[in-house]
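The values are calculated or read from the model by the stated rules, or taken from the named source; none is laboratory data. Only a predicted model underlies this, so the values are computations on that prediction, with no experimental measurement involved. Cβ coordinates were reconstructed from backbone atoms using ideal geometry, including for glycine residues, and neighbour counts include every protein chain displayed.
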Amino acid sequence: MHISEHISLKELTTLKIGGVARYLASVSEVSELREALHFAEERKLPVIILGGGSNVLIANGEINSLVIKIDIKGIEWKEGAPPTLPTLKRGEGKGGAEDFVNVIASAGESWDGLVVEAVRRGLWGIENLSGIPGTVGATPIQNIGAYGVEIKDLIEWVEVFDTKVGIVRRLSNVECGFAYRDSIFKHPEGKGFIVLRVALRLKKGGIPNLAYRDLKEIFNSQFSILNEREKEERQSRLTPQDVRKAVLDIRSKKFPDLGKFGTAGSFFKNPIISKERFDELKKRFPNLPGFPLTRFDLTSGERSNLVKVPLAWILDNVCNLRGYERGNVKLFEKQPIVLVQNGLASSEEIESFAKEIATRVKEKTGIDIEWEVQKVKSMN
Ligand SMILES: Cc1cc2nc3c(=O)[nH]c(=O)nc-3n(C[C@H](O)[C@H](O)[C@H](O)COP(=O)(O)OP(=O)(O)OC[C@H]3O[C@@H](n4cnc5c(N)ncnc54)[C@H](O)[C@@H]3O)c2cc1C
């Protein structure tokens with residue numbers, strides 16, 4: 001294992017912001033990870049875990065920590081593994097074990113590289129998550145999601161190195177505590193877990209998930225000259241590759257070019273509010289879209305009716321902030337929930353800009369918004 005000193009972290013992030021790390025170790029095996037953790041412990045240094053750096057805001061200045069870049073590689077494709085997931089969706093539970101393939105991917109693999117290989121093999125499940133930057137190991141952290149699919153719908157288990165006790169553990173899907181852009185890994189119980197491998201369950205024969213409006217529209221327009229029966233027939237012949245292509249097409253129109261801007265994608269989460277609050281807002285903003293959710297509290301046994309509201313719509317239609325620019329930072333014109341910087345912004349400037357946006361949303365709607373991007377903190 002090689003440890004470098006005084007490394008600028010800026011180029012290791014897609015936001016292109018970050019100070020200089022005292023030490024950086026790139027680990028490609030669990031034994032190297034143990035060595036790196038030992039190195040930090042000996043020097044009483046905090047540890048920061050980094051994947052592809054596409055969902056982080058790292059502070060400027062000296063970072064007196066050991067940054068560990070997870071570079072553990074390897075993918076296994078296992079035929080005929082029976083699904084154990086609690087979250088099977090419509091049509092997915094059908095079929096025997098021979099209809100499923102378990103994919104066990106190491107944390108340092110490129111997420112989109114894995115999607116490319118899965119669709120090449122004609123496997124269904126992750127095609128809607130095409131084009132998301134970053135590593136496999138980070139996918140459970142915020143339960144990545146796009147176009148009607150979340151990684152929690154496919155994860156069988158997550159293998160972690162538990163730094164508190166120094167052992168490798170396997171967490172089931174339920175133990176990961178997945179929720180919208182959330183998981184155990186973002187909470188104190190999961191502090192100290194370093195993801196090593198992720199096991200996904202993919203399906204050989206599947207049906208496309210076109211629940212997301214933009215995706216459905218792409219295929220509707222492609223099949224517009226067909227009658228209903230022909231449309232259905234054509235849709236039933238879609239491949240994961242067709243869906244990936246459509247998703248990449250939509251994404252290319254919504255997300256900024258990483259070569260031109262610093263960005264971490266959606267900077268904020270879409271707020272989840274009570275049904276009552278949503279109904280009040282709907283009176284003031286009749287076109288406000290909302291996606292109903294039910295949350296069941298296991299401890300109290302209570303069920304609450306909630307609504308997820310697209311923040312991009314609020315920023316655009318309520319706050320009039322599409323394309324809003326201040327200094328070196330702005331909300332991207334094509335997708336206002338995405339924050340971009342021109343290469344000159346500091347971490348403080350990003351934080352101050354994000355604070356202003358949150359204040360404006362609060363003033364207009366009473367809603368508190370949260371960051372989706374992780375402010376990088378050390379583990380210990
Ligand atoms: C243009 C663009 C588009 C995006 N689109 C989407 C989208 O559609 N949907 C979506 O959900 N996200 C999206 N993202 C956000 C981001 O790509 C994902 O969250 C991705 O999973 C982050 O992966 P990463 O390897 O870059 O993680 P990093 O940014 O390196 O790390 C993110 C967090 O995970 C932790 N972490 C990373 N690896 C590990 C590990 N092995 N073990 C423990 N902790 C770890 C880090 O400490 C940090 O807290 C987008 C980002 C960009 C820039």
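What are the residues in the stretch 278-292 that are surrounded by 15 or more Cβ atoms within 10 Å (Cβ to Cβ) and farther than 17 Å from D316 by Cα, if any? Answer for the stretch 278-292, where residues must be surrounded by 15 or more Cβ atoms within 10 Å (Cβ to Cβ) and farther than 17 Å from D316 by Cα: just F278. The number of residues in the stretch 161-179 being touching a residue at least 24 places away in the same chain (Cβ under 8 Å) and of a type in the set (V, I, T) comes to 3. Only residues that are of a type in the set (G, A, S) and within 15 Å of the ligand (Cβ to nearest atom): list them for the stretch 231-264, please. Within the stretch 231-264, A246, S252, G259, G262, A264 qualify. Counting only residues that are of a type in the set (A, V, I, L, M, F, W, C) and within 13 Å of the ligand (Cβ to nearest atom), the stretch 37-60 holds 8 of them. A count restricted to the stretch 150-179 and to residues that are part of a loop (DSSP other than H, G, I, E, B) and surrounded by 16 or more Cβ atoms within 10 Å (Cβ to Cβ) stands at 5. In the stretch 54-139, counting only strands (runs of 3 or more DSSP E) that sit wholly within it, the ones holding 1 or more residues that are over 30 Å from G19 (Cβ atoms) and either β-branched (V, I, T) or at pLDDT 95 or above (or both) span 75-79, 100-106. Residues in the stretch 193-248 that are at pLDDT 95 or above and farther than 26 Å from K78 by Cβ: K245, A246, L248. The set of residues in the stretch 133-149 being without any contact (Cβ under 8 Å) to a residue 60 or more places away in the chain and near the ligand (Cβ under 8 Å from one of its atoms) consists of T139, N143, I144, G145. Within the stretch 1-53, can you find the residues that are over 14 Å from S347 (Cα atoms), in a loop (DSSP other than H, G, I, E, B) and among the charged types (D, E, K, R)? Residues satisfying the conditions are E29, R43, K44. Being under 20 Å from Q374 (Cα atoms), more than 17 Å from the chain's Cα centre (by Cα) and among the basic types (K, R) is a property that K191 has. Residues in the stretch 291-302: is at least one under 21 Å from the mean Cα position of the chain (by Cα), under 15 Å from P256 (Cβ atoms) and not basic (K, R)? Checked against the condition, which is being under 21 Å from the mean Cα position of the chain (by Cα), under 15 Å from P256 (Cβ atoms) and not basic (K, R), the stretch 291-302 yields no hits at all. A single member of A354, A345 is surrounded by 16 or more Cβ atoms within 10 Å (Cβ to Cβ), touching a residue at least 24 places away in the same chain (Cβ under 8 Å) and assigned to a helix (DSSP H, G or I), and it is A354. Residues in the stretch 109-130 that are within 13 Å of the ligand (Cβ to nearest atom) and touching a Phe, Trp or Tyr at 6+ places or on another chain (Cβ under 8 Å) were compared, and the one that is nearest to L238 (Cα to Cα) is N128.
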